[in-house]
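One structure below.
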Amino acid sequence: MRGVARISLNEVIETVLDPDSFEPWDAPPTQPDYGPAYAAQLARATQCSSADEAVVTGRAVLGGYRVAVIVGDFDFLAGSLGAAASERITLAFERATAEGLPVLASPMSGGTRMQEGTPAFLHMIKISQAVLAHRAAGLPYLVYLRDPTTGGALASWGSLGHLTIAQPGALVGLLGPRVREIMLGEPLPEGVQQSESLARKGVIDGVVPLGELRTTAVKALRVLTSPQEPVGERFVDATIATDRAPWDSVQATRNPDRPRLHHLLQHAAEVFIPLRGTGTGESDGTITVGLARFPGLSCVLIGQDRRPRRDASLSPAALRVAQRGFHLAEELDLPLVTVIDSPGPELTTEAEHGGLAGEIARTVAALATVRVPVVSTILGEGNGVAALALLPADRTVCAENGWVAPLPPEGASAIIHRTADRAADMAAAHRIRAVDLLEAGAVDEIVPERPDAAEEPAAFCRRLIASATAHLAELMAMRTEERLRIRHDRYRSMR
(Lines give C-alpha, C1' and ligand atoms only; values in the text may rest on other atoms or scores of the structure.)
Protein backbone atom coordinates (compact mmCIF):
# COMPACT_ATOMS: atom_id res chain seq x y z
CA MET A 1 0.00 0.00 0.00
CA ARG A 2 1.31 3.46 -0.90
CA GLY A 3 1.10 5.89 1.99
CA VAL A 4 0.10 8.98 0.01
CA ALA A 5 -2.69 11.16 1.38
CA ARG A 6 -5.06 12.17 -1.37
CA ILE A 7 -5.74 15.89 -1.69
CA SER A 8 -9.38 16.84 -2.10
CA LEU A 9 -10.78 19.45 -4.45
CA ASN A 10 -11.72 21.69 -1.52
CA GLU A 11 -8.24 21.41 0.00
CA VAL A 12 -6.73 22.80 -3.19
CA ILE A 13 -9.15 25.71 -3.32
CA GLU A 14 -8.81 26.56 0.37
CA THR A 15 -5.03 26.13 0.59
CA VAL A 16 -3.88 27.75 -2.62
CA LEU A 17 -6.31 30.52 -3.57
CA ASP A 18 -6.94 33.82 -1.83
CA PRO A 19 -9.74 33.40 0.72
CA ASP A 20 -13.29 33.57 -0.70
CA SER A 21 -12.01 34.54 -4.15
CA PHE A 22 -13.14 31.48 -6.12
CA GLU A 23 -16.03 32.21 -8.50
CA PRO A 24 -17.40 29.07 -10.20
CA TRP A 25 -17.92 29.11 -13.95
CA ASP A 26 -19.76 25.81 -14.27
CA ALA A 27 -23.36 25.35 -15.38
CA PRO A 28 -25.14 22.11 -14.40
CA PRO A 29 -23.69 19.35 -16.58
CA THR A 30 -25.58 17.88 -19.51
CA GLN A 31 -24.82 14.17 -19.38
CA PRO A 32 -25.02 11.79 -22.35
CA ASP A 33 -27.67 9.07 -22.19
CA TYR A 34 -25.98 5.71 -21.65
CA GLY A 35 -28.91 4.06 -19.90
CA PRO A 36 -30.34 3.88 -16.39
CA ALA A 37 -27.37 2.12 -14.81
CA TYR A 38 -25.01 4.93 -15.76
CA ALA A 39 -27.54 7.57 -14.73
CA ALA A 40 -27.72 5.90 -11.31
CA GLN A 41 -23.91 5.96 -11.03
CA LEU A 42 -23.86 9.66 -11.82
CA ALA A 43 -26.51 10.32 -9.19
CA ARG A 44 -24.56 8.43 -6.54
CA ALA A 45 -21.35 10.20 -7.53
CA THR A 46 -23.02 13.58 -7.08
CA GLN A 47 -24.15 12.56 -3.59
CA CYS A 48 -20.70 11.22 -2.60
CA SER A 49 -18.58 14.12 -3.83
CA SER A 50 -18.46 17.86 -3.32
CA ALA A 51 -18.96 18.54 -7.04
CA ASP A 52 -21.46 17.71 -9.77
CA GLU A 53 -18.75 16.40 -12.13
CA ALA A 54 -15.15 15.23 -12.09
CA VAL A 55 -13.79 18.78 -12.48
CA VAL A 56 -14.78 22.22 -11.29
CA THR A 57 -13.67 25.42 -13.01
CA GLY A 58 -13.79 29.10 -12.21
CA ARG A 59 -11.97 32.36 -11.73
CA ALA A 60 -10.04 33.26 -8.58
CA VAL A 61 -7.34 35.47 -7.13
CA LEU A 62 -3.98 33.96 -6.22
CA GLY A 63 -1.60 36.19 -4.33
CA GLY A 64 -3.26 39.20 -5.94
CA TYR A 65 -3.13 37.73 -9.48
CA ARG A 66 -6.35 36.92 -11.34
CA VAL A 67 -6.30 33.34 -12.61
CA ALA A 68 -8.56 30.71 -14.10
CA VAL A 69 -8.69 27.52 -12.07
CA ILE A 70 -9.45 23.92 -13.10
CA VAL A 71 -9.43 21.30 -10.33
CA GLY A 72 -10.15 17.58 -10.62
CA ASP A 73 -12.33 15.74 -8.10
CA PHE A 74 -11.39 12.09 -7.63
CA ASP A 75 -14.47 11.52 -5.47
CA PHE A 76 -16.62 11.81 -8.60
CA LEU A 77 -16.24 8.49 -10.43
CA ALA A 78 -12.48 8.42 -9.78
CA GLY A 79 -12.08 11.78 -11.50
CA SER A 80 -12.75 10.13 -14.84
CA LEU A 81 -13.30 12.32 -17.89
CA GLY A 82 -16.49 11.91 -19.85
CA ALA A 83 -18.28 14.26 -22.22
CA ALA A 84 -19.47 16.71 -19.56
CA ALA A 85 -16.15 16.97 -17.72
CA SER A 86 -14.18 17.34 -20.96
CA GLU A 87 -16.53 20.07 -22.18
CA ARG A 88 -16.12 21.86 -18.86
CA ILE A 89 -12.32 21.80 -19.15
CA THR A 90 -12.44 22.98 -22.77
CA LEU A 91 -14.82 25.85 -22.00
CA ALA A 92 -12.62 26.94 -19.09
CA PHE A 93 -9.55 27.18 -21.30
CA GLU A 94 -11.49 29.04 -23.99
CA ARG A 95 -12.84 31.52 -21.46
CA ALA A 96 -9.42 32.00 -19.84
CA THR A 97 -7.95 32.72 -23.25
CA ALA A 98 -10.69 35.21 -24.09
CA GLU A 99 -10.23 36.99 -20.74
CA GLY A 100 -6.42 36.90 -20.88
CA LEU A 101 -6.09 34.86 -17.69
CA PRO A 102 -3.30 32.47 -16.70
CA VAL A 103 -4.57 28.97 -15.88
CA LEU A 104 -3.76 26.98 -12.75
CA ALA A 105 -4.89 23.38 -13.21
CA SER A 106 -4.74 20.47 -10.79
CA PRO A 107 -5.73 17.18 -12.41
CA MET A 108 -6.64 14.18 -10.26
CA SER A 109 -8.07 11.44 -12.39
CA GLY A 110 -8.09 7.77 -13.24
CA GLY A 111 -8.39 8.66 -16.92
CA THR A 112 -11.12 8.35 -19.54
CA ARG A 113 -14.60 7.42 -18.29
CA MET A 114 -15.06 3.81 -19.35
CA GLN A 115 -18.86 4.03 -18.98
CA GLU A 116 -18.87 6.39 -22.00
CA GLY A 117 -16.36 4.43 -24.08
CA THR A 118 -14.68 5.72 -27.21
CA PRO A 119 -16.60 9.04 -27.46
CA ALA A 120 -15.18 10.07 -24.06
CA PHE A 121 -11.70 9.09 -25.22
CA LEU A 122 -11.97 11.29 -28.32
CA HIS A 123 -12.67 14.38 -26.20
CA MET A 124 -8.96 14.46 -25.34
CA ILE A 125 -8.43 16.06 -28.74
CA LYS A 126 -10.56 19.14 -28.12
CA ILE A 127 -9.01 19.60 -24.66
CA SER A 128 -5.54 19.59 -26.21
CA GLN A 129 -6.66 22.05 -28.89
CA ALA A 130 -7.95 24.45 -26.23
CA VAL A 131 -4.76 24.20 -24.16
CA LEU A 132 -2.53 24.90 -27.16
CA ALA A 133 -4.70 27.86 -28.23
CA HIS A 134 -4.28 29.27 -24.72
CA ARG A 135 -0.52 28.83 -24.88
CA ALA A 136 -0.40 30.29 -28.41
CA ALA A 137 -1.97 33.43 -26.98
CA GLY A 138 1.12 33.77 -24.74
CA LEU A 139 -0.81 33.00 -21.56
CA PRO A 140 0.80 31.00 -18.73
CA TYR A 141 -0.37 27.50 -17.88
CA LEU A 142 0.67 26.00 -14.53
CA VAL A 143 -0.07 22.36 -13.65
CA TYR A 144 -0.13 20.62 -10.26
CA LEU A 145 -0.57 16.85 -10.55
CA ARG A 146 -2.24 15.16 -7.57
CA ASP A 147 -2.36 11.52 -6.59
CA PRO A 148 -3.41 9.83 -8.80
CA THR A 149 -3.22 11.32 -12.30
CA THR A 150 -3.29 8.74 -15.06
CA GLY A 151 -4.68 7.94 -18.49
CA GLY A 152 -6.43 10.54 -20.59
CA ALA A 153 -6.07 13.28 -17.99
CA LEU A 154 -2.29 12.94 -17.97
CA ALA A 155 -2.16 12.48 -21.75
CA SER A 156 -3.95 15.78 -22.41
CA TRP A 157 -4.28 18.73 -20.03
CA GLY A 158 -1.96 17.16 -17.41
CA SER A 159 1.11 17.19 -19.65
CA LEU A 160 0.87 20.49 -21.52
CA GLY A 161 1.86 23.03 -18.87
CA HIS A 162 4.63 25.58 -19.08
CA LEU A 163 5.48 24.53 -15.51
CA THR A 164 4.43 21.07 -14.30
CA ILE A 165 4.93 19.99 -10.71
CA ALA A 166 3.38 17.23 -8.64
CA GLN A 167 2.36 16.16 -5.16
CA PRO A 168 5.07 14.20 -3.31
CA GLY A 169 4.64 10.48 -3.81
CA ALA A 170 1.86 10.93 -6.36
CA LEU A 171 1.04 8.15 -8.78
CA VAL A 172 1.53 9.70 -12.21
CA GLY A 173 1.50 7.50 -15.29
CA LEU A 174 -0.24 6.61 -18.51
CA LEU A 175 -1.84 3.40 -17.28
CA GLY A 176 -2.70 2.66 -13.66
CA PRO A 177 -0.65 -0.15 -12.11
CA ARG A 178 -3.59 -2.47 -11.42
CA VAL A 179 -4.86 -2.30 -15.00
CA ARG A 180 -1.37 -2.75 -16.40
CA GLU A 181 -0.75 -5.83 -14.27
CA ILE A 182 -4.02 -7.41 -15.40
CA MET A 183 -3.29 -6.63 -19.05
CA LEU A 184 0.39 -7.64 -19.14
CA GLY A 185 0.62 -10.07 -16.26
CA GLU A 186 3.29 -8.21 -14.32
CA PRO A 187 3.61 -4.91 -12.49
CA LEU A 188 6.02 -2.11 -13.23
CA PRO A 189 9.06 -1.90 -10.94
CA GLU A 190 8.43 0.01 -7.74
CA GLY A 191 8.58 3.80 -8.10
CA VAL A 192 8.47 4.05 -11.90
CA GLN A 193 5.22 6.03 -11.84
CA GLN A 194 6.07 8.06 -8.75
CA SER A 195 6.33 11.83 -9.02
CA GLU A 196 9.87 11.96 -7.60
CA SER A 197 11.09 9.48 -10.21
CA LEU A 198 9.50 11.47 -13.01
CA ALA A 199 11.14 14.67 -11.76
CA ARG A 200 14.56 13.00 -11.74
CA LYS A 201 14.01 11.81 -15.30
CA GLY A 202 12.96 15.25 -16.56
CA VAL A 203 9.33 14.32 -17.25
CA ILE A 204 8.01 16.91 -14.78
CA ASP A 205 9.70 19.99 -13.32
CA GLY A 206 9.53 19.19 -9.64
CA VAL A 207 7.75 17.88 -6.56
CA VAL A 208 6.05 20.32 -4.21
CA PRO A 209 3.80 19.70 -1.15
CA LEU A 210 0.37 21.29 -1.30
CA GLY A 211 1.38 23.71 1.44
CA GLU A 212 4.08 25.15 -0.82
CA LEU A 213 2.04 25.26 -4.02
CA ARG A 214 0.67 28.74 -3.37
CA THR A 215 4.16 30.20 -2.93
CA THR A 216 5.46 28.44 -6.05
CA ALA A 217 2.50 29.53 -8.16
CA VAL A 218 2.74 33.15 -6.98
CA LYS A 219 6.45 33.22 -7.86
CA ALA A 220 5.71 31.83 -11.31
CA LEU A 221 2.96 34.39 -11.89
CA ARG A 222 5.27 37.17 -10.76
CA VAL A 223 7.80 36.14 -13.38
CA LEU A 224 5.25 35.55 -16.13
CA THR A 225 2.90 38.51 -15.66
CA SER A 226 4.91 41.38 -14.13
CA PRO A 227 5.64 44.47 -16.24
CA GLN A 228 8.91 44.54 -18.15
CA GLU A 229 10.70 47.66 -16.89
CA PRO A 230 14.36 46.66 -16.74
CA VAL A 231 16.73 48.63 -14.57
CA GLY A 232 20.41 48.09 -15.20
CA GLU A 233 23.71 49.82 -15.77
CA ARG A 234 26.20 49.49 -18.59
CA PHE A 235 29.91 49.69 -17.94
CA VAL A 236 31.23 50.82 -21.30
CA ASP A 237 33.52 53.41 -19.75
CA ALA A 238 34.82 51.12 -17.00
CA THR A 239 38.55 50.57 -16.74
CA ILE A 240 39.47 47.17 -18.16
CA ALA A 241 42.91 45.57 -18.03
CA THR A 242 43.91 45.28 -21.68
CA ASP A 243 47.34 43.80 -20.93
CA ARG A 244 46.13 40.79 -18.94
CA ALA A 245 47.83 37.59 -20.13
CA PRO A 246 45.27 35.23 -21.72
CA TRP A 247 46.49 32.30 -19.62
CA ASP A 248 45.89 34.36 -16.46
CA SER A 249 42.23 34.68 -17.48
CA VAL A 250 42.01 30.94 -18.10
CA GLN A 251 43.41 30.25 -14.66
CA ALA A 252 41.07 32.79 -13.06
CA THR A 253 37.99 31.15 -14.57
CA ARG A 254 39.10 27.77 -13.23
CA ASN A 255 39.46 29.04 -9.68
CA PRO A 256 37.07 26.94 -7.54
CA ASP A 257 36.10 30.13 -5.68
CA ARG A 258 34.94 31.89 -8.84
CA PRO A 259 31.15 32.53 -8.91
CA ARG A 260 29.15 29.93 -10.77
CA LEU A 261 25.67 30.05 -12.20
CA HIS A 262 23.96 29.33 -8.89
CA HIS A 263 25.84 32.26 -7.29
CA LEU A 264 24.63 34.51 -10.10
CA LEU A 265 21.04 33.53 -9.32
CA GLN A 266 21.56 33.75 -5.58
CA HIS A 267 22.97 37.28 -5.67
CA ALA A 268 21.09 38.85 -8.61
CA ALA A 269 17.72 37.11 -9.12
CA GLU A 270 14.57 38.12 -7.25
CA VAL A 271 12.82 34.90 -8.32
CA PHE A 272 14.08 31.79 -10.06
CA ILE A 273 11.91 28.76 -10.82
CA PRO A 274 13.90 25.89 -12.32
CA LEU A 275 12.41 23.80 -15.11
CA ARG A 276 13.72 20.27 -15.09
CA GLY A 277 14.55 18.31 -18.21
CA THR A 278 12.88 18.27 -21.57
CA GLY A 279 9.48 17.01 -20.43
CA THR A 280 10.12 13.90 -22.51
CA GLY A 281 12.22 11.88 -20.10
CA GLU A 282 15.61 13.56 -20.50
CA SER A 283 17.37 15.58 -17.85
CA ASP A 284 20.91 16.89 -17.51
CA GLY A 285 22.06 19.11 -14.68
CA THR A 286 24.89 20.70 -16.65
CA ILE A 287 22.30 22.98 -18.24
CA THR A 288 19.97 25.01 -16.03
CA VAL A 289 16.73 26.34 -17.53
CA GLY A 290 14.25 28.39 -15.58
CA LEU A 291 11.91 31.32 -15.25
CA ALA A 292 13.82 34.25 -13.77
CA ARG A 293 12.91 37.66 -12.43
CA PHE A 294 15.70 40.20 -12.20
CA PRO A 295 15.09 43.81 -11.10
CA GLY A 296 12.35 45.07 -13.40
CA LEU A 297 12.60 42.23 -15.89
CA SER A 298 11.42 38.66 -16.40
CA CYS A 299 13.18 36.25 -18.73
CA VAL A 300 13.91 32.65 -19.50
CA LEU A 301 17.42 31.93 -18.26
CA ILE A 302 19.51 29.13 -19.77
CA GLY A 303 22.92 28.59 -18.28
CA GLN A 304 25.82 26.18 -18.11
CA ASP A 305 26.70 25.00 -14.63
CA ARG A 306 30.46 24.68 -14.25
CA ARG A 307 30.85 21.97 -11.66
CA PRO A 308 33.97 19.85 -11.04
CA ARG A 309 35.35 19.40 -14.53
CA ARG A 310 34.60 15.67 -14.85
CA ASP A 311 30.89 16.36 -14.26
CA ALA A 312 30.27 19.52 -16.27
CA SER A 313 30.70 18.46 -19.90
CA LEU A 314 27.80 19.23 -22.19
CA SER A 315 25.75 16.25 -23.39
CA PRO A 316 23.16 15.87 -26.17
CA ALA A 317 20.41 15.75 -23.52
CA ALA A 318 21.63 19.04 -22.04
CA LEU A 319 21.34 20.71 -25.43
CA ARG A 320 17.78 19.44 -25.83
CA VAL A 321 16.99 20.90 -22.41
CA ALA A 322 18.32 24.24 -23.68
CA GLN A 323 16.14 24.00 -26.78
CA ARG A 324 13.10 23.58 -24.53
CA GLY A 325 14.02 26.92 -23.00
CA PHE A 326 14.20 28.62 -26.41
CA HIS A 327 10.73 27.36 -27.36
CA LEU A 328 9.32 28.43 -24.00
CA ALA A 329 10.70 31.96 -24.33
CA GLU A 330 9.15 32.38 -27.76
CA GLU A 331 5.78 31.07 -26.65
CA LEU A 332 5.65 33.28 -23.55
CA ASP A 333 7.25 36.24 -25.40
CA LEU A 334 9.97 36.52 -22.77
CA PRO A 335 13.54 37.59 -23.53
CA LEU A 336 16.35 35.08 -23.18
CA VAL A 337 19.48 35.36 -21.06
CA THR A 338 22.13 32.70 -21.60
CA VAL A 339 25.09 32.08 -19.31
CA ILE A 340 28.26 30.53 -20.71
CA ASP A 341 30.61 28.72 -18.34
CA SER A 342 31.61 25.22 -19.42
CA PRO A 343 34.76 23.11 -19.75
CA GLY A 344 33.48 21.75 -23.06
CA PRO A 345 31.32 19.08 -24.68
CA GLU A 346 31.02 15.51 -23.47
CA LEU A 347 33.58 13.35 -25.28
CA THR A 348 32.12 9.87 -24.87
CA THR A 349 30.75 7.06 -26.98
CA GLU A 350 27.29 7.80 -25.61
CA ALA A 351 27.52 11.43 -26.68
CA GLU A 352 28.59 10.51 -30.19
CA HIS A 353 25.83 7.94 -30.55
CA GLY A 354 23.39 10.40 -29.02
CA GLY A 355 23.97 12.84 -31.86
CA LEU A 356 26.00 15.48 -30.00
CA ALA A 357 27.22 17.26 -33.14
CA GLY A 358 23.72 17.43 -34.57
CA GLU A 359 22.29 18.75 -31.32
CA ILE A 360 24.96 21.46 -31.22
CA ALA A 361 24.03 22.48 -34.76
CA ARG A 362 20.32 22.55 -33.94
CA THR A 363 20.91 24.49 -30.72
CA VAL A 364 23.09 27.13 -32.39
CA ALA A 365 20.64 27.50 -35.28
CA ALA A 366 17.62 27.76 -32.99
CA LEU A 367 19.21 30.38 -30.73
CA ALA A 368 20.55 32.39 -33.67
CA THR A 369 17.04 32.69 -35.15
CA VAL A 370 14.79 32.86 -32.07
CA ARG A 371 12.51 35.89 -32.37
CA VAL A 372 12.70 37.18 -28.79
CA PRO A 373 15.54 39.42 -27.58
CA VAL A 374 18.65 37.51 -26.49
CA VAL A 375 21.60 38.56 -24.35
CA SER A 376 24.38 36.03 -23.86
CA THR A 377 26.73 36.43 -20.91
CA ILE A 378 30.19 34.90 -20.76
CA LEU A 379 30.63 34.20 -17.08
CA GLY A 380 33.86 32.20 -17.25
CA GLU A 381 35.15 29.34 -19.38
CA GLY A 382 33.96 29.26 -22.96
CA ASN A 383 35.26 26.01 -24.33
CA GLY A 384 34.59 25.14 -27.95
CA VAL A 385 31.19 24.15 -29.24
CA ALA A 386 29.85 23.98 -25.68
CA ALA A 387 30.25 27.77 -25.55
CA LEU A 388 29.04 28.28 -29.12
CA ALA A 389 25.74 26.56 -28.29
CA LEU A 390 24.67 29.44 -26.04
CA LEU A 391 26.60 32.30 -27.65
CA PRO A 392 24.38 33.62 -30.52
CA ALA A 393 22.60 36.74 -29.30
CA ASP A 394 21.56 40.28 -30.09
CA ARG A 395 24.10 41.45 -27.52
CA THR A 396 26.87 39.67 -25.60
CA VAL A 397 28.42 40.80 -22.33
CA CYS A 398 31.58 39.20 -21.02
CA ALA A 399 33.24 39.11 -17.63
CA GLU A 400 36.68 40.71 -17.69
CA ASN A 401 38.31 37.29 -17.29
CA GLY A 402 35.83 35.47 -19.51
CA TRP A 403 37.08 33.79 -22.66
CA VAL A 404 36.00 31.73 -25.66
CA ALA A 405 38.17 29.28 -27.58
CA PRO A 406 37.62 26.59 -30.22
CA LEU A 407 39.24 24.09 -27.83
CA PRO A 408 40.66 24.34 -24.32
CA PRO A 409 44.18 25.76 -24.71
CA GLU A 410 45.60 22.40 -23.66
CA GLY A 411 43.72 20.71 -26.52
CA ALA A 412 44.88 23.26 -29.07
CA SER A 413 48.45 22.80 -27.84
CA ALA A 414 48.13 19.03 -28.26
CA ILE A 415 47.06 19.50 -31.89
CA ILE A 416 49.71 22.03 -32.87
CA HIS A 417 52.63 21.03 -30.63
CA ARG A 418 51.73 17.43 -29.71
CA THR A 419 51.94 18.37 -26.06
CA ALA A 420 49.72 20.24 -23.59
CA ASP A 421 52.71 22.18 -22.27
CA ARG A 422 52.23 25.05 -24.74
CA ALA A 423 48.68 25.85 -23.57
CA ALA A 424 49.58 29.40 -22.50
CA ASP A 425 51.07 30.10 -25.94
CA MET A 426 47.94 28.79 -27.66
CA ALA A 427 45.69 30.92 -25.44
CA ALA A 428 47.60 33.98 -26.67
CA ALA A 429 47.65 32.86 -30.30
CA HIS A 430 43.90 32.22 -30.43
CA ARG A 431 42.95 35.69 -29.09
CA ILE A 432 40.50 34.27 -26.57
CA ARG A 433 40.34 37.16 -24.06
CA ALA A 434 37.38 39.42 -23.44
CA VAL A 435 39.23 42.39 -24.97
CA ASP A 436 39.99 40.34 -28.09
CA LEU A 437 36.35 39.28 -28.40
CA LEU A 438 35.29 42.92 -28.05
CA GLU A 439 37.66 43.95 -30.85
CA ALA A 440 36.34 41.13 -33.07
CA GLY A 441 32.75 42.26 -32.57
CA ALA A 442 31.68 39.10 -30.73
CA VAL A 443 31.26 40.95 -27.43
CA ASP A 444 29.47 44.26 -26.88
CA GLU A 445 30.54 45.04 -23.33
CA ILE A 446 33.11 43.85 -20.83
CA VAL A 447 31.98 43.76 -17.21
CA PRO A 448 34.86 44.64 -14.88
CA GLU A 449 36.18 42.36 -12.17
CA ARG A 450 37.63 44.29 -9.25
CA PRO A 451 40.16 42.79 -9.55
CA ASP A 452 38.80 39.22 -9.73
CA ALA A 453 35.24 37.90 -9.49
CA ALA A 454 36.37 35.32 -6.91
CA GLU A 455 37.22 38.18 -4.53
CA GLU A 456 33.87 40.01 -4.87
CA PRO A 457 31.29 37.38 -5.90
CA ALA A 458 28.10 39.17 -4.84
CA ALA A 459 29.02 42.57 -6.30
CA PHE A 460 30.31 41.00 -9.51
CA CYS A 461 27.17 38.91 -10.02
CA ARG A 462 24.92 41.93 -9.58
CA ARG A 463 27.11 43.94 -11.95
CA LEU A 464 26.97 41.27 -14.65
CA ILE A 465 23.17 41.00 -14.50
CA ALA A 466 22.77 44.79 -14.39
CA SER A 467 24.71 44.97 -17.63
CA ALA A 468 22.65 42.19 -19.26
CA THR A 469 19.31 43.75 -18.30
CA ALA A 470 20.42 47.19 -19.48
CA HIS A 471 21.10 45.71 -22.90
CA LEU A 472 17.75 43.90 -22.83
CA ALA A 473 16.00 47.18 -22.14
CA GLU A 474 17.45 48.61 -25.34
CA LEU A 475 16.63 45.49 -27.34
CA MET A 476 13.03 45.30 -26.13
CA ALA A 477 12.45 48.84 -27.36
CA MET A 478 13.41 47.87 -30.92
CA ARG A 479 11.09 46.58 -33.64
CA THR A 480 11.41 42.81 -33.93
CA GLU A 481 12.29 42.68 -37.62
CA GLU A 482 14.93 45.39 -37.26
CA ARG A 483 16.47 43.63 -34.27
CA LEU A 484 16.58 40.31 -36.13
CA ARG A 485 18.19 41.97 -39.15
CA ILE A 486 20.90 43.49 -36.99
CA ARG A 487 21.50 40.12 -35.29
CA HIS A 488 21.85 38.42 -38.67
CA ASP A 489 24.22 41.08 -39.97
CA ARG A 490 26.28 40.92 -36.77
CA TYR A 491 27.36 37.36 -37.48
CA ARG A 492 27.23 37.59 -41.27
CA SER A 493 29.77 40.40 -41.30
CA MET A 494 32.11 38.98 -38.64
CA ARG A 495 35.66 38.55 -39.94
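The values are calculated or read from the model by the stated rules, or taken from the named source; none is laboratory data. Just so it is clear, the structure is predicted and the values come from calculations on it, not from any experiment. No Cβ is skipped: glycine too gets one built from the backbone with ideal geometry, and neighbour counts run over all protein chains shown.
Contact annotation: residue pairs with Cβ atoms under 8 Å, 6 or more positions apart or on different chains, pairing a residue in region 420-443 that is over 12 Å from GLU410 (Cβ atoms) with a partner that is surrounded by 15 or more Cβ atoms within 10 Å (Cβ to Cβ) and among the acidic types (Asp, Glu), are ALA434/GLU400; LEU438/ASP444; LEU438/GLU445.
Go through region 241-253 residue by residue and tally those that are touching a strand residue (DSSP E or B) at 6+ places or on another chain (Cβ under 7 Å) and over 16 Å from GLU439 (Cα atoms). Qualifying residue count, region 241-253: 3. The set of residues in region 329-362 being modelled with pLDDT of 95 or more and either polar (S, T, N, Q) or not assigned by TED's automatic domain parsing to the domain that holds THR286 (or both) consists of THR338 alone. Among the residues of region 247-264, is there at least one that is over 24 Å from GLN304 (Cα atoms), assigned by TED's automatic domain parsing to the domain that holds VAL321 and among the aliphatic types (A, V, I, L, M)? Scanning region 247-264, I find no residue that is over 24 Å from GLN304 (Cα atoms), assigned by TED's automatic domain parsing to the domain that holds VAL321 and among the aliphatic types (A, V, I, L, M), so the answer is no.
Pairs meeting the criteria (first residue in region 470-495 and surrounded by 12 or more Cβ atoms within 10 Å (Cβ to Cβ), second residue of a type in the set (Asp, Glu) and assigned to a helix (DSSP H, G or I), beta carbons under 7 Å, at least 6 apart or on different chains) are lacking.
For region 179-197, the condition of being buried (at least 19 other Cβ atoms within 10 Å of the Cβ), of a type in the set (A, V, I, L, M) and not in a loop (DSSP other than H, G, I, E, B) holds for none of the residues. Residue count for region 3-37, restricted to those that are within 34 Å of the chain's Cα centre (by Cα), surrounded by fewer than 13 Cβ atoms within 10 Å (Cβ to Cβ) and assigned to a loop (DSSP other than H, G, I, E, B): 4. Residue-level check: of (1) surrounded by fewer than 18 Cβ atoms within 10 Å (Cβ to Cβ); (2) outside any loop (DSSP other than H, G, I, E, B), LEU175 misses just (2). Note on region 38-142: enclosed strands (runs of 3 or more DSSP E) holding 1 or more residues that are out of contact with any strand residue (DSSP E or B) (no Cβ under 9 Å at 6 or more places or on another chain) are 65-72. Contact map, region 344-357: residues that are in contact (Cβ under 8 Å) with a residue 40 or more places away in the chain paired with residues that are charged (D, E, K, R), Cβ distance under 8 Å, separation 6+ or inter-chain. Pairs shown: LEU356/GLU346.
The sole residue among GLY191, GLY211, GLY232 that is more than 17 Å from the chain's Cα centre (by Cα), not aliphatic (A, V, I, L, M) and not assigned by TED's automatic domain parsing to the domain that holds GLY151 is GLY232.
The set of residues in region 129-163 that are charged (D, E, K, R) and farther than 29 Å from ARG178 by Cα contains only ARG135. Residue-level analysis places LEU391 among those that are modelled with pLDDT of 95 or more, buried (at least 17 other Cβ atoms within 10 Å of the Cβ) and not charged (D, E, K, R).
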